[in-house]
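Undergrad: Provided herewith is a single structure, encoded as structure tokens, for subsequent inquiry.
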Amino acid sequence: MSAYTEDVEHVAGATTKSFMYVWFALLLMTAVEVFLAYEQIPVLIFLIALVGLSVVKAALIIAYFMHLKFEKLSLFLTLFPMLILCIILMLLMFMPDSSRLMLMRPM
Amino acid sequence: MSQANTAATMTSVWAGGRSPYAVNSKKFGMWLFIISDALTFSAMLMAYTYVRLSTPNWPTPFHFSPSIIFSTVMTFCLLSSSLTMVMAVHAMNHGNRSAAVKWILATMVGGGAFVALHLTEWLNLINNEHVTPFNNEWGVPLFGGTFFALTGLHMTHVVIGLIYLGIIAFAVGRGKFKAEDVEVSGLYWHFVDLVWMFIFPLVYLMSAKI
């Protein structure tokens, strides 16, 4: 039987230069978030903008720093669709109610 | 069985001895832990956002100085420590153990700075804004409860990460552990960084005093 090896493979594309670019992009998006906090934006729009930027930052960290971009697709498909489905289910349960309560606030 | 048939069976996809994910078991185990931990933090962030949106008089105690400045610097510390952790894995993959130890120690400095700044920020909130987990001046006890629960659980993860990295650095320096062990500890550290990418905007920026 062929032996399964656990040797680390060096992947093309995962260079220190690309990691530096990702780090810089993450810092830039953080600066945008802080800037947005001091702009007069409605709470829901601000929340959506912040979560959107955070999701992009998380995706960059997972893809490059956590190396998932360079792993087999089967690993991604085993781990993430289930996680995303669970988060969507939580969103569906909580968020409509919280927005309803917000709209019921006394003016 | 002839020799040719045996060779064909050995190279077959169905012959066994192959990893469906092409990662070692430690790495796969860490990924499973990360996904389950991500669900814990997701549920907590979801509960926090629910009460944040549905409470009319939610307090906004985070002044630009020191809270927002501190939390922004803390974000910088964690992001930079993730970069140094990537460099540690890179050095270890190339067999450079001494460089890997130095990069891991640099990561620990970033993590240590994060914890120190966070504790200072907590003390500022407790002493100057009189916020405790069960009470505050604005009559919204859920603010302190959700804030300390979320940031406290995250800080616990950072402290555990620092201990984990310390053990890895010590062992790598003594010629023990392989590149995959450093990579697995890196996965944990990047996850801690990733969680902060949601806590910082949702907890601090959403309650910044404009």
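Undergrad: Pop the C-beta distance of residue B:39 and residue B:119 into the FRET formula with R0 = 35 Å and round what comes out to the nearest 0.05.
TA: Working from the Cβ atoms, E equals 0.80.
Undergrad: Where in chain B lies the longest segment free of trypsin sites (Lys or Arg not before Pro) that are both loop residues by DSSP (not H, G, I, E, B) and have at most 11 other Cβ atoms within 10 Å?
TA: Excluding the exposed sites themselves, the longest stretch runs over B:1-173.
Undergrad: On to the next question. Mean 1/r over all different Cα pairs, inverted: what Kirkwood radius does the protein assembly as shown give, in Å?
TA: Final number for the Kirkwood radius of the protein assembly as shown is 21.3 Å.
Undergrad: Using a simple spin-label model with points 7 Å from Cα along the Cα→Cβ vector, what separation in nm is obtained for residue A:28 and residue A:48?
TA: It is 2.4 nm.
Undergrad: Would you order A:66, A:95 from fewest to most other beta-carbon atoms within 10 Å of each residue's own beta-carbon?
TA: Fewest to most other Cβ atoms nearby, the residues stand as A:95, A:66.
Undergrad: Over chain B, what relative contact order in percent results from Cα pairs under 8 Å that are six or more residues apart?
TA: Value for chain B: 31 percent.
Undergrad: Another question about this same structure. Please list 3J(HN,Hα) in residue order for region B:176-183, calculated via the Karplus relation 6.51 cos²θ - 1.76 cosθ + 1.60 where θ = phi - 60°; whole Hz, with x for glycine and proline.
TA: Karplus-based 3J(HN,Hα) across region B:176-183 equals 9, 6, 10, 4, 5, 5, 5, 5 Hz.
Undergrad: Within straight cross-link reach of residue A:17, meaning Cα distance under 20 Å, which lysines are found once same-chain residues fewer than 8 apart are removed?
TA: Partners found: A:57, A:69, B:102.
Undergrad: A further question on this structure: Among B:133, B:20, B:59, which one shows the highest mean-square fluctuation when chain B is modelled as a Gaussian network with alpha-carbon springs under 10 Å?
TA: Ranking B:133, B:20, B:59 by mean-square fluctuation puts B:20 first.
Undergrad: List, in order, the whole-Hz ³J(HN,Hα) value for each residue of region B:86-96 obtained from phi through the Karplus relation with A = 6.51, B = -1.76, C = 1.60 and θ = phi - 60°; use x for Gly and Pro.
TA: With coefficients 6.51, -1.76 and 1.60, one gets 4, 5, 5, 5, 4, 5, 5, 4, 9, x, 9 Hz.
Undergrad: So, in nm, how far is label residue A:78 from label residue A:21 when the simple model puts each one 7 Å beyond its Cα toward the Cβ?
TA: The answer from the label model is 3.0 nm.
Undergrad: Between residue B:209 and residue A:85, what is the FRET efficiency for a Förster distance of 30 Å, r being their Cβ-Cβ separation, to the nearest 0.05?
TA: E(calc), rounded to 0.05, equals 0.20.
Undergrad: What is the calculated FRET efficiency for residue A:56 to residue B:65, with r their C-beta to C-beta distance and R₀ = 22 Å, to the nearest 0.05?
TA: 0.20
Undergrad: Ok, one more. Tell me the GluC sites (Glu not before Pro) within region B:42-140 that lie in a loop according to DSSP and have at most 11 other beta-carbon atoms within 10 Å.
TA: Counting only loop positions with at most 11 other Cβ atoms within 10 Å, the GluC sites (Glu not before Pro) in region B:42-140 are B:137.
None of the figures in this text is laboratory data; all of them are computed from the coordinates on show. What you are looking at is a predicted structure, and each value in this text was computed from that prediction instead of being measured. Cβ atoms come from the backbone with ideal geometry, glycine included; neighbour counts cover every protein chain shown.
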